[in-house]
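Laboratory data are not the source of any read-out in this text; all were calculated from the coordinates shown. Note that the structure is a prediction, hence the values are computed from the model and not measured. Cβ placement follows ideal geometry from the backbone for every residue including glycine, while neighbour counts extend to all protein chains displayed.
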Amino acid sequence: MIYARQRFSRMNDLEVAGTGDLLCDRLDGNRYFTKLPFDLATLKAEIATFRTLIVAARDGSRTIIAQRNKQRAEVVRLMSLLVRYVEIACGDDMDAFRTSGLTPAYQNRRSQEQLSEMIRRIVFGPNSGRVQIFIKAYPRAAAYQLRWAQIIGEEAPTNWTVKESITRVKSATVLDLSPGKRYAIQCRALVDGGCTDWTDSVIFICT
């Protein structure tokens, strides 16, 4: 996954407001990020209030300073939600990520490595619980099956759900799972005369 560099705590108030303005500007109408967690007008209004309080707090009023600090926290909270959304929704596409105006902190290269014999990678979708599974082509395979199960405690999963007859490996297979739960997922190929063994489990926590 591509992570954004977040240094809100090191920014002064005007830098926070300016970063929020830039984020709103770059996400407004962005074709890569169409399912924002909230209307950008909400953040714009909070930034406008924040800017007003920044100016008012120059008089040194403790009450106004407290209001400014509280407003800053709200602006940062909303910005953090957008940052998290971009990190997930970009789908490891650096070009898409950069259209948001955010700066990548680092890219987890492990997400680019093949996870098992037939599962190339797992990408978390823009909505909570939505997972995209990318399958690696197996020689002479007519189709594939995926199966997944929630892991509870330290016991091996037994209650598997199977998705049958996956024939397209160039596009992702989309699953809807429960956010915050730990899952095991396996894949096998359907070939002439039967099927391969299930691959080793890939373990992940759904976000």
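Worth a mention:
- Total residues in the range 174-204 satisfying the condition of being outside any loop (DSSP other than H, G, I, E, B) and either closer than 12 Å to TRP148 by Cα or over 23 Å from the mean Cα position of the chain (by Cα) (or both): the figure is 17.
- Within the range 178-204, residues that are within 14 Å of THR161 (Cβ to Cβ) sit with their Cβ atoms under 7 Å from residues that are of a type in the set (Phe, Trp, Tyr) and surrounded by 12 or more Cβ atoms within 10 Å (Cβ to Cβ), at 6+ positions apart or across chains, in these pairs: TYR183/TRP148; TYR183/PHE204; ALA184/TRP148; ILE185/TRP148; GLN186/TRP198; CYS187/TYR144.
- If only residues of the range 1-23 that are of a type in the set (A, V, I, L, M, F, W, C) and within 18 Å of the chain's Cα centre (by Cα) are counted, the one that is surrounded by the fewest Cβ atoms within 10 Å (Cβ to Cβ) is MET1.
- ALA141 being in a strand (DSSP E or B) and farther than 28 Å from TYR85 by Cα: no
- Residue match in the range 131-140 (condition: in contact (Cβ under 8 Å) with a residue 60 or more places away in the chain and within 18 Å of MET1 (Cα to Cα)): yes
- Residue in the range 81-104 that is over 23 Å from LEU14 (Cα atoms) and without any contact (Cβ under 8 Å) to a residue 12 or more places away in the chain present: yes
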